[in-house]
4 protein chains.
Amino acid sequence: MTAPLRGVVPPVCTPLHPSGEVDTASLARLVEHLVAGGVHGLFALGSTSEVAYLTDEQRATVLEVVVNAADGRVPVLAGVIDTTTARVVEHAKAAAATGADAVVATAPFYTRTHPKEIARHFRRVRAAVDLPLFAYDLPVSVQSKLSAALVGELAEDGTLAGLKDSSGDEGGLRRLIVALGGRDGRFGGPAPDFSVLTGSELTVDAALLAGADGVVPGIGNVDPAAYVRLYDAARAGDWEVAAKEQERLVGLFGMVDAGPEEDMGRSSSALGAFKHALQLLGVIQHGDTAFPQIQLSAESVAVVSRHLRAAGLRPVR
Amino acid sequence: MTAPLRGVVPPVCTPLHPSGEVDTASLARLVEHLVAGGVHGLFALGSTSEVAYLTDEQRATVLEVVVNAADGRVPVLAGVIDTTTARVVEHAKAAAATGADAVVATAPFYTRTHPKEIARHFRRVRAAVDLPLFAYDLPVSVQSKLSAALVGELAEDGTLAGLKDSSGDEGGLRRLIVALGGRDGRFGGPAPDFSVLTGSELTVDAALLAGADGVVPGIGNVDPAAYVRLYDAARAGDWEVAAKEQERLVGLFGMVDAGPEEDMGRSSSALGAFKHALQLLGVIQHGDTAFPQIQLSAESVAVVSRHLRAAGLRPVR
Amino acid sequence: MTAPLRGVVPPVCTPLHPSGEVDTASLARLVEHLVAGGVHGLFALGSTSEVAYLTDEQRATVLEVVVNAADGRVPVLAGVIDTTTARVVEHAKAAAATGADAVVATAPFYTRTHPKEIARHFRRVRAAVDLPLFAYDLPVSVQSKLSAALVGELAEDGTLAGLKDSSGDEGGLRRLIVALGGRDGRFGGPAPDFSVLTGSELTVDAALLAGADGVVPGIGNVDPAAYVRLYDAARAGDWEVAAKEQERLVGLFGMVDAGPEEDMGRSSSALGAFKHALQLLGVIQHGDTAFPQIQLSAESVAVVSRHLRAAGLRPVR
Amino acid sequence: MTAPLRGVVPPVCTPLHPSGEVDTASLARLVEHLVAGGVHGLFALGSTSEVAYLTDEQRATVLEVVVNAADGRVPVLAGVIDTTTARVVEHAKAAAATGADAVVATAPFYTRTHPKEIARHFRRVRAAVDLPLFAYDLPVSVQSKLSAALVGELAEDGTLAGLKDSSGDEGGLRRLIVALGGRDGRFGGPAPDFSVLTGSELTVDAALLAGADGVVPGIGNVDPAAYVRLYDAARAGDWEVAAKEQERLVGLFGMVDAGPEEDMGRSSSALGAFKHALQLLGVIQHGDTAFPQIQLSAESVAVVSRHLRAAGLRPVR
């Protein structure tokens, strides 16, 4: 993998059979769909991949399929998501053995962990496998925010190859980028190979304008080419084009509210919408999300379909 | 006031004497400093104005000085910040009598209030005074987030003339702007006169790219001309220039951490930094913040001074 | 007022006319109802009194009526609830002038305030009026928790005469009581006159067993005599009797859910239930809560009525 | 296991070698220490057992040692802690195979899960193994609170054999107990075999007075006999004796603050204190907590030792 990683790196959805088993044929087709869309990398086993719902065996299956399907055309980042260090290290070793190009770890969760302990955690994970390590900042799941000071320290000493920032704290991200050298100076700055990827898929134009390297967009599963167009426009300095594309994607993203709030989790609604959109587009076979998530009703799937059409995408079913 | 309000609208700091009384002469000079910097409006009695620390009498003094000093050159928005409707209405009537051009109210706080109750609140405040009403979304203080649905409803029926969004939820703001018609369509859209102002002062280039009308930047007290340059560049489509100016302001903003975290509130440190910067620049006489806030030490003031110099501003003291 | 204050000290509801004005006749009757129930003090202008909804003029009216109606038979504590010190001091002076026996203040809210600043706040409020000062720990409204260390410090130096603990942190309260000398040793301990009052009205038997001095129960408005029976049983060491009475009150308290969650705030539902219960019992004239709260429907009032009957109380309307 | 489970059920600490491996000899001695103290059950692989830090292999080792050491004298509950259903089911099957008498599961975490989805989760876990299932309510780790309605529903239909409530919401627990039939009526009530265990180790007297069946006290590792005395006194109606014992345990519990807040997590400090106390008492060999937790300094261990002596326990080292 070339450092720093830049561009569009979607968190790959995990297609499932209604029985709950991984639909490997659909997963391989999804990888093809993403690579054909021009993406620059794939993030398997992230939150959007429903990693928290998958057994270790299922995780292994998913990563193997993604690595094989990608076939070296783009790098594959593997989420190694678990509560604390020893468990994360086991996932990281498994990911390395399966051929991942990098691993992505959160701070410990379920436990309450001090920043000094979080630093130890990332250092040990990095030491355990000979792969670039990305920190995954996701306070909504992990309940702690990685501070700019901590990320800066781990960037400078080479522990981290990058950050996937899904904190939603865009001001904090801006401060981090400036601390790392800023829009222009960063690559001559203290962490020249450090990659800043935003998970805030509704403000990617803004993140790129601020100096981020790339994006990990959940809805990029559905329309990868659009994020690639957005990214290319930004790199070319066509900010108005980038903003227009972003705006269109904001409209498409509205599908995440397809499931009624009183009946299902917000996350179940969003994941179900992404998967049903992929099913409607003919990419994957089923829109099912993992147990115990409630499934989208036919009415909700119709909402998803309307969002696709409104954005100019054509359902084939 | 022309609708919609657009541009740079700093939340005016309230200079105090060490005794705690409002320093009216300094406040008038600060207004001059801001108007000379090219700002498009003034927001008196907001959070950055330490409104929560001021008695009703002090609030009246502040608003009178700002209205008189502005002298019609730019519109003056007045914060009418209090726990619930009846108290807010009293502040709004006082603001109208003093000559404010618009009022800015939060949702109720201290109490836990349902969205339907929040809608009733804004409607009654609007009915009580013949002035445009801005909703102030500040979950860190108010503990509830105004939903896009609620803001949209109150925009369309004319209750609200605008939103000051200090929620930090940039993705949510983007969704709201798109719902209101988007970057281009908004002004022909459902709420053509509605003004979206961001309080996220570190990502103003991004907000303007997304279609926001303006910004309410706390550190705009210190360097109003920079935000005006940023705004002008954005309006001209010079996004690289806007981003560079924003980046410089992010560096300047670093002064908010001047006060050590173990000794004082984060808000006290930031407000003290802004005020001491203004004192160092010769605009106001004292850097004191209101009781019971802890004051910056000489060492912390030196940090503020270094931030000014690093950003090319010249302390005169 | 004898120190330490002990016993049942209900937070007095504020009866309103449908117009929103204070119903002084009903308020005087409510005071009579409480004193007749045997309570040991009255807490006017607390959260249950809807203090956050009342203008300063209404607050003055309420306190005057309560002080006059109490007529020295029991002490009157007055809430002095506002965002920060200068505003709280104004309320405290007004309360002293009206004849309150003590004042009750929260930490600053709306702002984010450091513990050292909170200590300064309480010290200045105490210095401003010659009345005992109670700290009101209510994180759900104030967004900060008073630490045991801070309360202990302010108890020992005489700033605080007591604590009204509505934090819901019963373990923390237990640790505080032990730190102050424990169940037996407390009154010879470091703060012999310090009064610990719990606002956790569903676990009063437990708090008294732990060594608390008394209770400030919202639903004590409805059935003051029951809390007095509970208190007397506890003081007599009849813990089974106390627990049985508490259990009956837990059932009665179920009325707080009368208003449907999708239609109104949880606080509006609870306050509406207390007031309608008082109306049904013939104590006050209207069950209205202050604007912008949504009013209970007839169906919800019927739920309140059923709770009264189930607890052996007899609605007269 | 007899239903309902009642009494003192400590969450068994997991002694570790400095290398991080499970110290099986110490673990067996700890079980002996607890059984000798008179406890009524053992909870292995809970939060206090550092379950989140243990690999699956280590979990298996721990459970095997505890089951063997308990040797049928008291029932062994096994924590099956993981992010979502499929992973939890795997742990539950492993626990059943190793001889656990019951399993203890939280709601899903890391993901955001709707109450309807949480109900599905518990039902599937229950269906997967032929063992009683306890719900573990621990919002500080899981980020959602189990509502009384949900627990009641799952108690009545037989999904749950009990609740381990570590929510700290004592008022909510009281409402649940009343809903289940109350102090006296519960066992003839809708869920006669349902066991309510509190994890609020500082207010056990209160919970028992309220009608709880038992307690899962972390510091019960250190002084199990004291919780047994407390429990026996409560069952005998000697509430003053129970309260005095609780007060002594509150003092002992102060050891959890041994580690300085600026250097380590609150959880690391508490777990380190429990383990070092056990080491000082000669029960286990090392006080080490699992990586990445910071270890207690010699100074902090001295604080632990002082707490032991103050409570009348005699360190042997």
With every protein chain in place, the residues of segment D:190-206 shedding 20 Å² or more of accessible area versus the chain by itself (probe 1.4 Å) are D:L202, D:T203, D:D205, D:A206
Give the relative contact order (percent, whole number) for segment B:10-60; include only Cα pairs under 8 Å separated by 6+ residues.
49 percent
Placing +1 on each Lys and Arg Cβ and -1 on each Asp and Glu Cβ in segment D:7-238, then taking the dipole about the Cα centre, the residue among D:T198, D:L173, D:A100 whose Cα reaches farthest towards the positive end is D:L173
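Hey, got the dipole for the protein assembly as shown? About the Cα centre, +1 on K and R Cβ, -1 on D and E Cβ, debye to the nearest 20? Before the final figure, lay out each step's value.
On the way: 112 positive and 148 negative charges, 0 e Å.
It comes to approximately 0 debye.
Over both sides of the B-C contact, add up the buried accessible area with a 1.4 Å probe and give it to the nearest 100 Å². Can you show the working numbers first?
Numbers: alone 13420 and 13390 Å², together 22750 Å².
Heavy-atom accessible area buried at this interface is about 4100 Å².
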Mean-position separation - Cα centroids, segment A:81-100 and segment A:30-64, in angstrom
15 Å
Summing -39500 (n - 2.57) over every DSSP H run of at least 4 in chain D, dividing by its residue total and rounding to the nearest 500, the 222 nm mean residue ellipticity is -14000 deg cm²/dmol
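Tell me, what is the percent relative contact order of segment A:72-216, built from C-alpha pairs under 8 Å that lie six or more residues apart? Before the final figure, lay out the partial values.
Values: 248 pairs, mean separation 24.8, N = 145.
Normalised by residue count, the contact order of segment A:72-216 is 17 percent.
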Assigning unit charges at the beta carbon (Lys, Arg +1; Asp, Glu -1) and nothing else, what dipole magnitude in debye, to the nearest 20, does segment C:7-238 show about its Cα centre?
580 debye
Positions from segment B:155-181 whose accessible area shrinks by 40 Å² or more when the full protein complex is built, not the chain alone, probe 1.4 Å
B:E170, B:R174, B:R175, B:V178
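For segment B:113-260, with only Lys/Arg (+1) and Asp/Glu (-1) charged at the beta-carbon, what is the dipole magnitude about the Cα centre, in debye rounded to 20? Can you show the working numbers first?
On the way: 15 positive and 21 negative charges, 94 e Å.
In total the dipole reaches around 460 debye.
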Quick one: work out the % antiparallel among DSSP beta bridges in the protein assembly as shown, nearest 5.
5 percent
Over 24 Å (Cα to Cα) - which of A:K145/A:K275; C:K116/C:K145; A:K244/B:K244 fall in this group
A:K145/A:K275
Spin-label model distance (nm) - A:A149 vs A:R112, 7 Å beyond Cα toward Cβ
1.9 nm
Taking the chain alone as reference and the full protein assembly as comparison, with a 1.4 Å probe on protein heavy atoms only, the residues of segment C:241-285 that lose at least 50 Å² of accessible area are C:E247, C:V250
Note on segment A:7-238, DSSP bridge orientation, antiparallel percent to nearest 5 equals 5 percent
Put the label 7 Å from Cα along Cα→Cβ for D:N68; what are its distances to the other copies, in nanometres, shortest first?
4.0, 8.1, 8.7
Of all accessible heavy-atom area on segment B:7-238, the percent that carbon and sulfur account for (1.4 Å):
51 percent
Whole-Å distance linking the alpha carbon centroid of segment D:203-260 with that of segment A:213-271 is 53 Å
Restricting to Cα pairs below 8 Å that are 6+ residues apart, what does the relative contact order work out to for chain D? Please round to a whole percent.
18 percent
Average accessible area per residue (Å²) across the protein assembly as shown - probe 1.4 Å, nucleic acids and ligands excluded:
32 Å²
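The values are calculated or read from the model by the stated rules, or taken from the named source; none is laboratory data. In this text, all values refer to a predicted model and were calculated from it rather than measured experimentally. Virtual Cβ from ideal backbone geometry, glycine too; neighbours counted across all protein chains shown. In case anyone asks, the SASA skips ligands and DNA or RNA and just uses the protein heavy atoms, side chains included. Shrake-Rupley method; radii C 1.70, N 1.55, O 1.52, S 1.80 Å.
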